[in-house]
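Before any comments, here is the structure.
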Amino acid sequence: MFIITDACTNCGDCVSECAVDAISAGDTQHTIDPDACAECGACVSACPNEAIIEE
């Protein structure tokens with residue numbers, strides 16, 4: 001399971017890389033829907049802040 005940490009700046013780079021639309025914008029950071037996530041990891045390399053980690 002991948003999560004987005006507080007290091008997220010809400011830039012949105014991860015959203016375009018998610019093939020299953022599991023990432024959505026929040027007020028201060030994005031979130032990943034664990035039920036929709038395909039756990040492919042594409043969002044991890046797309047994040048310029050290294051805010052997405054595998055938990």
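The values are calculated or read from the model by the stated rules, or taken from the named source; none is laboratory data. Just so you know, these numbers come straight off a predicted model, no measurement behind them. Ideal geometry is used to build each Cβ from the backbone, glycine not excepted, and the neighbour counts take in all protein chains shown. Accessible surface is based on the protein model in full, side chains and every heavy atom, while ligands, DNA and RNA are left aside. Shrake-Rupley method; radii C 1.70, N 1.55, O 1.52, S 1.80 Å.
For the reader, a short list of remarks on this structure follows.
- Average Cα contact separation per residue, the chain, under 8 Å, 6 or more apart, as relative contact order %: 49 percent
- Largest GNM mean-square fluctuation among D27, D13, D35, using the chain with Cα springs under 10 Å: D27.
- Cysteines in the chain that, by Cβ-Cβ distance, have no pairing candidate under 4.7 Å: C8, C11, C18, C37, C40, C47
- For the chain, the carbon plus sulfur part of the accessible surface works out to 46%, probe radius 1.4 Å.
- Helix-only mean residue ellipticity at 222 nm for the chain, each DSSP H run of n ≥ 4 adding -39500 (n - 2.57), per residue, nearest 500: -1500 deg cm²/dmol
- Accessible area per residue, Å², the chain with all protein chains present, probe 1.4 Å: 63 Å²
- Grouping the Cα pair distances of the chain into 5 Å bins from zero gives a pair-distance distribution of 4, 24, 40, 25, 7, 0 percent in increasing distance order.
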